Structures are given as C-alpha cells and as structure tokens.
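Novice: Before I ask anything, here is the structure I am working with.
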Amino acid sequence: MPHESSAAPGAPPHIGELPAGARNAITDVPGVRVGHCTLADGAVQTGVTVLLPNAGDPYLDKVPAAAAVLNGFGKSIGLVQVDELGVLETPIALTNTFAVGAVAQAQIRQAIAAHAEIGRAWPTVNPLVFECNDGYLNDIQAMAVGETHYLQACAAAGVEVAQGAVGAGRGMSAFGVKGGIGTASRIAGAYRVGALVLANYGTPAMLTVAGNRIGPALVQRLAALAAADAGPEKGSIIMIVATDAPLDSRQLGRLARRAGAGLARTGSVYGHGSGDIALAFSTAYTVPHDAAAPMPAVAMVHETALDPLFHAAADSVEQAIVHALWHAETVSGRDGHCRRGLLALMPELNTAD
C-alpha cells in the first residue's frame with residue numbers, strides 16, 4: 001500500500017518561462033481581491049469563493065469581460081448578458097451546482113442594498129455565478145449554502161489567496177484526488193495576467209504535470225487503496241483570467257479561449273460530462289453605468305501584440321491547476337466518501353527541502 005504523507009506542500013514545478021508575480025496569484029493584477037467562505041461539517045463539505053475585480057462599485061463602474069465556453073455541461077448564471085454587453089455588474093461568485101440560485105439571489109440583494117433603484121427606475125442587475133458539482137464529498141441536496149455565506153466570502157476578500165480545499169473548492173475532486181481552488185500569475189512584458197481555477201475535472205489516468213504524465217502511477221496508487229474512480233469524466237472546471245492590459249471585450253474573449261491551452265496540458269480533453277468555462281476581464285478601465293458619463297478613451301493593445309498575453313493566460317491556468325492539486329489536503333465527507341490529497345498519495349512529487 002502506498003505511503004500517505006502529511007508533509008506541508010513544497011514548491012510545485014514552475015510552468016513555462018514567464019516569471020510569476022509577487023504572490024503568484026490572480027491578485028497580482030492590481031485591484032483584484034479574492035475571498036472564501038468554507039463549510040466543513042460532516043456531510044456538508046462546500047462553500048463560496050468570490051472574486052472582486054476592482055475596488056469600485058461593480059454596478060456603477062463595470063469591468064470589461066468576456067467568456068469562453070469550451071464545453072457547456074454547466075449550470076452557470078449570467079453568461080448570456082456578459083456575452084451580449086461585454087461587462088461585469090457584480091463580483092464573480094463560485095459555488096456548488098445546487099447553490100447557484102441562492103448565491104445569485106444574494107448578489108441581487110447586495111446590489112439592491114447599494115442602489116435602491118435597481119429593477120425600478122434603473123435596469124436590473126446581472127448576477128454572475130459559476131458552479132461545479134461537489135456532490136461526491138458534499139451532501140449537495142442539503143443546499144447548505146445561503147446568502148450569509150456569500151456575504152462572508154465578500155467580507156473576507158483580500159490579496160492573499162488561500163488555495164486547495166477552501167471556499168467553493170472544499171468538496172471538489174480532480175483526477176480522482178482532491179481538487180479545489182488554485183491561482184497563479186505571470187508577467188508578460190508591461191502587463192500582468194493572473195488566473196484562478198475551481199478544479200473539479202479529469203480522470204486519474206489523464207493527469208499530466210509540467211509535461212510529465214503521472215496519471216498511470218496515480219491509477220496504481222488509487223487502486224492499491226481501493227480508491228479508484230472508474231467511469232467517464234463527470235466533473236468541471238471554472239477558469240477566471242484577469243489582466244491589467246487594456247483589452248476590449250472581443251479581445252478578452254480571445255484571451256479567455258487560451259485558458260483551454262493550459263487546461264489541455266494537464267491532460268483534459270473537455271470530456272462529455274465536464275463543464276469547462278473560462279472568463280477573462282481587464283482592470284485597465286471601467287465602463288460607466290451612467291449614460292451621461294463619458295466613455296473611457298483607452299488605447300487597446302494591438303492585435304499583433306497579444307501573443308505574450310495568450311502565453312501568460314495558458315501558463316497561469318495550468319499553474320493554477322497544479323497549485324490546486326498541490327494545496328488540497330485529504331477531505332472526507334458524505335457517506336464516508338474520501339478524496340485524498342495528491343501529495344498524500346504521491347509524496348515524491350513534493351519538492352520541499
């Protein structure tokens with residue numbers, strides 16, 4: 001039987017040649033903050049993660065954004081309007097599949113509390129909630145996530161980002177082991193690009209880390225513990241990409257699609273049952289809600305100069321997935337189900353001194 005290690009995670013391999021930002025997190029993009037609320041109580045293993053794209057009011061000062069749906073097996077809310085208008089109006093929220101409605105309602109109430117005329121004299125607000133199914137570890141039918149948890153995650157938002165089995169990532173699985181939240185960043189010339197992922201996808205045999213196919217060895221470790229997870233891929237991944245480069249929504253759509261390059265390098269083929277969705281936004285400027293306010297006059301990055309940003313997005317997403325696996329500890333939940341941390345099963349991957 002393989003040895004299970006409880007050592008603290010060491011440094012995972014650095015993906016690509018571009019340097020990381022100071023925190024190697026999406027919060028290296030100025031103005032971006034992340035907060036978690038984690039529910040870990042017996043059969044309830046779930047939570048909420050929020051990403052605040054800037055320090056301003058998200059409804060009055062809208063951030064340009066675009067989404068890319070690589071495989072649409074998902075129940076997110078708000079993507080249609082993002083696709084049409086190319087802006088965000090609320091924080092970005094991540095949670096489990098059955099909590100989407102509750103979190104969307106919490107976002108609406110939060111916006112109304114700030115602006116009483118929303119839905120009356122003013123237009124309605126577009127909540128934006130992404131989800132993955134954590135029902136293996138979490139009693140998803142308990143519908144434990146509510147408005148208070150969303151608000152707690154918002155209140156906890158800061159530049160230091162906890163990773164692994166926290167927030168929305170608490171009950172997530174990836175490659176037959178523990179998945180969850182991961183983040184990373186890269187410096188691309190004058191600009192910064194960061195990624196945050198909610199990793200809940202992949203079959204064990206697929207796993208590839210920094211070009212090394214470790215899936216077959218992982219399958220053997222899981223089989224020795226009678227913990228193999230047979231069957232097709234049934235998970236999902238949400239990939240959020242932020243940059244301070246001045247890009248319009250069309251260009252951000254192009255950037256979001258490059259998240260798929262980083263995802264594919266880890267071994268994913270965007271399986272039938274996997275919802276693989278990316279969203280990219282820029283903090284370089286905001287679009288005013290007030291029609292009388294002047295629109296920003298911003299010189300966008302030229303199309304021919306986008307390649308370094310594409311490179312940074314792919315590397316950041318791949319690195320964020322690796323970080324999620326490296327930081328996620330073993331978690332037990334519903335009906336005695338257990339997902340072991342990758343480093344607990346394969347301690348030889350831990351490069352700590």
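The values are calculated or read from the model by the stated rules, or taken from the named source; none is laboratory data. Small disclaimer: the values here were computed from a predicted structure and weren't measured. Heads up, the Cβs are rebuilt from the backbone with ideal geometry, glycines too, and the neighbour counts pull from every protein chain shown. The protein model used for the area step is the full one, side chains on, heavy atoms only, and it has no ligands, DNA or RNA in it. Shrake-Rupley method; radii C 1.70, N 1.55, O 1.52, S 1.80 Å.
Novice: Report, to the nearest whole %, how much of the accessible area of the chain belongs to carbon and sulfur atoms, 1.4 Å probe, protein only. Write out the running numbers ahead of the final one.
Specialist: On the way: 7460 of 13800 Å².
The computed percentage sits at 54.
Novice: Here's something else I'd like to know. Over the chain, give the accessible area per residue in Å² for a 1.4 Å probe, as an integer.
Specialist: Numbers: 13800 Å² over 353 residues.
The answer is 39 Å² per residue.
Novice: Which percentage, to the nearest 5, of the DSSP beta bridges contained in the chain is antiparallel?
Specialist: Numbers: 49 of 62 bridges.
Of all bridge pairs located within the chain, approximately 80 percent are antiparallel.
Novice: Now for a separate question. Can you pull the percent of Cα pairs in the chain with separation above 34 Å?
Specialist: Details: 12527 of 62128 pairs.
Percent of Cα pairs beyond 34 Å in the chain: 20.
Novice: Oh, and also: Can you give the charge dipole size of region 24-343 about its Cα centre, rounded to the nearest 20 debye, using +1 on the beta carbon of Lys and Arg and -1 on the beta carbon of Asp and Glu?
Specialist: On the way: 20 positive and 25 negative charges, 137 e Å.
Using Cβ point charges on Lys, Arg, Asp and Glu, region 24-343 gives about 660 debye.
Novice: Moving on. If amide hydrogens are placed 1.01 Å from N in the peptide plane, which non-local residues have theirs closer than 5 Å to the one on residue 139?
Specialist: 44, 45, 334
Novice: Does region 264-319 come out rounded, prolate or oblate by the C-alpha gyration tensor, with a ≥ b ≥ c the root eigenvalues, rounded set by a/c under 1.5 and, if not, prolate when a/b is larger than b/c and oblate if not? Before the final figure, lay out each step's value.
Specialist: On the way: a/c = 3.80, a/b = 1.85, b/c = 2.05.
Oblate, because a/c is 1.5 or more while a/b does not exceed b/c.
Novice: Answer with one residue from 29, 108, 143: the one whose Cα lies farthest towards the positive end of the charge dipole of region 1-153, charges on Cβ with Lys, Arg +1 and Asp, Glu -1.
Specialist: Comparing the listed Cα positions along the dipole, 108 ranks first.
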